[in-house]
1. I'd like the full set of residues that are out of contact with any helix residue (DSSP H, G or I) (no Cβ under 6 Å at 6 or more places or on another chain) and crowded, with 18+ Cβ neighbours inside 10 Å, limited to the range 178-191.
2. Would you mind finding the one in ALA272, ALA315, ALA296, ALA286 that is farther than 25 Å from ALA353 by Cβ, crowded, with 17+ Cβ neighbours inside 10 Å and not charged (D, E, K, R)?
3. Out of everything in the range 167-186 that is of a type in the set (Gly, Ala, Ser) and assigned to a helix (DSSP H, G or I), what residue ends up being nearest to the chain's Cα centre (by Cα)?
4. Which residues, counting only those in the range 263-281, are among the aliphatic types (A, V, I, L, M) and either outside any loop (DSSP other than H, G, I, E, B) or under 20 Å from MET304 (Cα atoms) (or both)?
5. Mind listing whichever residues of the range 190-227 are acidic (Asp, Glu) and either within 20 Å of LYS122 (Cα to Cα) or at pLDDT below 95 (or both)?
6. Those residues that are outside any loop (DSSP other than H, G, I, E, B), under 19 Å from the mean Cα position of the chain (by Cα) and surrounded by fewer than 21 Cβ atoms within 10 Å (Cβ to Cβ), I need them from the range 207-232; list them, please.
7. If ASP197 passes every condition in (1) without any contact (Cβ under 8 Å) to a residue 40 or more places away in the chain; (2) surrounded by 21 or more Cβ atoms within 10 Å (Cβ to Cβ) but one, which one does it miss?
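The values are calculated or read from the model by the stated rules, or taken from the named source; none is laboratory data. Computed from a predicted structure; not experimentally measured. We place every Cβ from the backbone using ideal geometry, glycine too, and count neighbours over all the protein chains shown.
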Amino acid sequence: MPSRRVICTRLWNINGRNLRFLALIIGIQVLFLLTYYPSIFANWKGNYKLRFSLLLYEHESFSTHDTLWTKEEILGNNREQFVKANDTMNLLPSDSFRSSCSQLNFTFASPILEPNLSEKEKDLFLLIFIMSSPGRTVSLERRNVIRGTWAQDLGRINSKSWRYVFLLGNSNRSEINSDIKSEARFYNDIMLLNFRDSYDNLVIKVLSGLRWAFMHGNARFILKADDDVYVRIPRLISWLNKHGGNKFYGGHIFHPSRVRRFNTSETMNLVAEDCYPKKHYPSYAAGPIYVLSSDAIPFLFRKMHKWKVFPVEDAYLGLLAETVGIKPVIIPGSLYSNSKTYPSMCHWVSSVAFGHRFNSTDIRLIHREAQEVEDLRPSQLITLCILNMTTDNAGLILLCLVGMFSFVVVFLKVKRKYRRGSNPT
C-alpha cells in the first residue's frame, strides 16, 4: 500500500484541474458579491452609514414591574426621598433654572399655546410628543400626514388611552407663528413653546415638554418621536403594558460612543469640551424614537445641575439616566437606520417603529402597507417574510447553491480518485 505522502502527491497531480475549477467558481462568486452586494463588504470595512438593528427578541434580563408609581405616590408615599415633597415644583428644576456653556444658554420654555386636555386625557397610558418645526410647507405637510396615518386612531387601544401632541418653537416670521396658532386652535394637538425653534435648541423643546408632561399630565409613559418616523402604536402599547416598569427608559440603544468635537471632519451633533468634557457618551436611546416613564422624569431632572445642558438631546438624557442609575432598555422591534430604509416584510413580523428620515410620501406608503399586514396572521407574515427574503436575495442564493454544488462535485471526484489511488490494480 502506498504511503500517505505518495497518496497526497497523486491527489495533487490528479485533481489539479478540479481544484482550479473550484477556485474559478469561488472567484466568480466573490466578484459577483463585490459587484452586486457591496454593502456586505462595506460593513466589514467599518462603513456603518447603512446601519440596521432589527431587534426581534426581548431581553429577558430586563426586570418588569406590575405597577408604576403614580404622581400621587411620588408626592405622598415616597416623601423621604424628596425635600418638601408636597410641592411638585421641588421635584423639578424651577422656571428660573439656567445652564450655560459656549454652545447653549439653556432655560425651560413655557407654552404659549397648549392643547386642551379633557379629564380622561389627563390620565393617559401613553403621551406622544412629536417633534415638529414651524413652517408652511414641509413641516405642515408632515403634521397633516401623521394626523392621517399612524396617529389617526386617537383614543384607546386595549383599554389603554393615548394621545399625541406636536411640539414646536417660535419662528422668526410673525406670519408663520400666526398660522401655527390658527392650526393649533383648529386641531387642538399643538404645543407652541416660547423659544426660537432650531435644531440646536431641540434639547430645550424636549426637556420643556417632559417637564410640562410631569407637571400638567398624568401619563404613565411618554414617547418622544421625530416627525420623520413611523410608529405602530398598538404594538408599542402592548409591549409597554407587558414590560414597562418603574423608571423606564428605552428605545434603540446606542452603546458608549465617541463625542464629536469641532476639530474633526464631523458636521452634526458637535459638542464643545466646556459643555461636556468627557470623550465618550454613556449608553443612550437614539433620538428619533424613545420612551420614558413619567416617574423617571424627576429623577433625571434633579441631576441637571450636575451636567451642563448641551445640544445633543438624546445623549444628554442618557447622561442624566446614567447619573441616577437608570439603564436604557432595548425596545424589541425598533428599526433604526442612519439612511432612509423601507421596512421589508420581515420587519413587519415584530416591529414597533421604523425610522428615520422618511418624508411624507414614504410615511403614506408605509402606512398603506401597514394596513395590509395588520389583517395577516403571524404565520402568514412569517411565510411572506421567507418568500420576500428569497426574492430579494435570489442572486445570492443561486450563487451559494452553485458554489455548494461545485464543492460537492469536486469532493466526490477527489474521493473517487483517492480510492483508486489507495487500491492500485
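1. At the first step, the residues of the range 178-191 found to be out of contact with any helix residue (DSSP H, G or I) (no Cβ under 6 Å at 6 or more places or on another chain) are 178-189, 191.
Correct list: ILE180, GLU183, ALA184, ASP189, MET191.
2. ALA272
3. Of everything passing the filter in the range 167-186, ALA184 is nearest to the chain's Cα centre (by Cα).
4. Within the range 263-281, LEU270, VAL271, ALA272 meet the criteria.
5. Filtering the range 190-227 for residues acidic (Asp, Glu) gives 197, 200, 226-227.
Scanning the range 190-227 gives a single hit, ASP200.
6. The answer is ASP226, and nothing else.
7. With (1) without any contact (Cβ under 8 Å) to a residue 40 or more places away in the chain; (2) surrounded by 21 or more Cβ atoms within 10 Å (Cβ to Cβ) applied to ASP197, the lone miss is (1).
Here's the yes/no breakdown for (1) free of Cβ contacts under 8 Å to residues at least 12 places away in the same chain; (2) farther than 16 Å from TRP212 by Cα; (3) among the hydrophobic types (A, V, I, L, M, F, W, C):
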{"position": "LEU104", "(1), (2), (3)": "no, yes, yes"}
{"position": "ALA109", "(1), (2), (3)": "no, no, yes"}
{"position": "GLU114", "(1), (2), (3)": "no, no, no"}
{"position": "ARG136", "(1), (2), (3)": "no, yes, no"}
{"position": "GLY155", "(1), (2), (3)": "yes, yes, no"}
{"position": "VAL165", "(1), (2), (3)": "no, no, yes"}
{"position": "GLY169", "(1), (2), (3)": "no, no, no"}
